[in-house]
Amino acid sequence: MSGSAWGTNYSIKIVSDPNIPIDILKFKSSIDSIIIDIDNQMSTYKINSEISLFNSLPRNAVINISPGFTGLIKRSIYWSKLTSGSFDITVFPAVINWREGKKDREYQEIWEPPSDLDIIMQMDKIGYEKIKLSDRTLKKSVKGQMIDVNAIAKGWGVDKIFDYLQVNGIARFMIEIGGEIRVLGLNNKGKKWKIGIDKPIYGNNPGQNIIEIVKLKNQAMATSGNYRNYYEFDGKKYSHIIDPRNGNSIFSDISSVTVIAPNCLDADVLATALNVLSYDDGLKLINSLDGYEALWVIDVGYNNNFKVEFSSGMPVVSD
């Protein structure tokens, strides 16, 4: 099965079982409904989504949100604490700041990085500790506070579709949405699913140039990088990934990070956080977590050459 989801595409492979009849049209209809439901909750591009309604509220106003959105915010706060703020869904004001560029630039049609003052002015709106969530009520605690879950909504969506298929008796399948993946059981050859990791070269299509392959069973995988989406000014590239701790575009030799986790939401969160953290700090974090592994693709600085580093349990294909 395949279709559209959140500005990208999804693909689902199911290993058929003669004892379990599969109504493909019914499954696809239900999966598309899950995608639409999440979009109505979490899309910053929809003016009437729950997240957009919250972002437009004045200070001290409140909004009732759905159980799914509530669960996502709680999990985001959990990971913000664990990653020392390198992942933070309140970073949206800084993301917009970089998207729009310098406020008083001479040529408005030419993007320029925001000034130091532009960056500082956004920081009082940012901080996961400013999120005020009580049961299913979300309160705008500071003027200009906005949240953005676009970096993790795909992982959340993969998990929701995973739950749906599992509840309906499907025991062997793979879900992929925009590069975020979760598998259950073995593939149609009775082996672990082999998933390629792209070499992080700008202009490459997904799957065109594979730098490493991993094997998965009953696991999820997410990759985050800064090589496909960036800003450029005066010959310098600026990542679209913003460090929530200082409001700046990250500047790092880490080109991409792939994370293996028990579920796709957590893999998605950590892949983003490990792009913000240094390699040493990221490896220390991964080694402190049971059931999580990571692979870093690091730019060595010339001619699209990279080195690959990974945690000790990363299930890479050695042959």
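The values are calculated or read from the model by the stated rules, or taken from the named source; none is laboratory data. Just so we're clear, the structure is a prediction, and the values are computed from it rather than from any experiment. Virtual Cβ from ideal backbone geometry, glycine too; neighbours counted across all protein chains shown.
Structure notes:
- When each of F87, F69 is tested for being of a type in the set (A, V, I, L, M, F, W, C), surrounded by 15 or more Cβ atoms within 10 Å (Cβ to Cβ) and touching a Pro at 6+ places or on another chain (Cβ under 8 Å), the lone residue that passes is F87.
- Filtering D280, D319, D234 for residues that are exposed (fewer than 13 other Cβ atoms within 10 Å of the Cβ) and at pLDDT 95 or above leaves a single hit, D280.
- Of the residues making up the range 111-146, those that are without any contact (Cβ under 8 Å) to a residue 40 or more places away in the chain and among the hydrophobic types (A, V, I, L, M, F, W, C) are L117, M121.
- For the range 96-118, the condition of being within 22 Å of the chain's Cα centre (by Cα), under 27 Å from I175 (Cα atoms) and either loosely packed, with under 15 Cβ neighbours inside 10 Å or among the aromatic types (F, W, Y) (or both) holds for none of the residues.
- Strands (runs of 3 or more DSSP E) contained in the range 154-198 and holding at least 3 residues of a type in the set (D, E, K, R): none
- Taken residue by residue, the range 240-259 has at least one member that is of a type in the set (D, E, K, R) and over 19 Å from I197 (Cβ atoms).
- Extreme residue, modelled with the lowest pLDDT, among residues of the range 129-145 that are in contact with a helix residue (DSSP H, G or I) (Cβ under 9 Å, 6 or more places away or on another chain) and loosely packed, with under 12 Cβ neighbours inside 10 Å: D135
- Complete set of residues in the range 119-128 that are at negative phi and either surrounded by fewer than 18 Cβ atoms within 10 Å (Cβ to Cβ) or not polar (S, T, N, Q) (or both): I119, I120, M121, M123, D124, K125, I126, Y128
- Cβ-Cβ under 8 Å pairs, at least 6 apart or on other chains, the range 205-219 side on the phi > 0 side of the Ramachandran plot, far side in a loop (DSSP other than H, G, I, E, B) and surrounded by 15 or more Cβ atoms within 10 Å (Cβ to Cβ): N218/G185
- Near pairs, Cβ below 6 angstrom, 6+ apart or cross-chain, from the range 57-78 (more than 12 Å from L265 (Cα to Cα)) to any residue that is of a type in the set (F, W, Y): I63/F54; I77/Y128
- Criterion applied to S16, S33, S29, S49 was being surrounded by fewer than 18 Cβ atoms within 10 Å (Cβ to Cβ) and over 18 Å from D163 (Cβ atoms), and the one residue passing it is S16.
- Some residue of the range 210-223 being among the hydroxyl-bearing types (S, T, Y) and within 30 Å of P18 (Cα to Cα): no
- Enumeration of residues in the range 257-275 that are over 12 Å from the mean Cα position of the chain (by Cα) and either modelled with pLDDT under 95 or not β-branched (V, I, T) (or both): A261, P262, N263
- Test: S288 is more than 16 Å from the chain's Cα centre (by Cα), closer than 30 Å to I161 by Cα and among the small types (G, A, S): yes
- Put simply, of I77, I73, I38, I34 the only residue that is touching a Gly at 6+ places or on another chain (Cβ under 8 Å) and within 29 Å of I286 (Cα to Cα) is I38.
- Exclusive hit being under 20 Å from V158 (Cβ atoms) and out of contact with any Cys (no Cβ under 8 Å at 6 or more places or on another chain), set L295, L285: L295
- Selection count, the range 200-231, where residues are over 22 Å from L265 (Cβ atoms), modelled with pLDDT of 90 or more and exposed (fewer than 14 other Cβ atoms within 10 Å of the Cβ): 1
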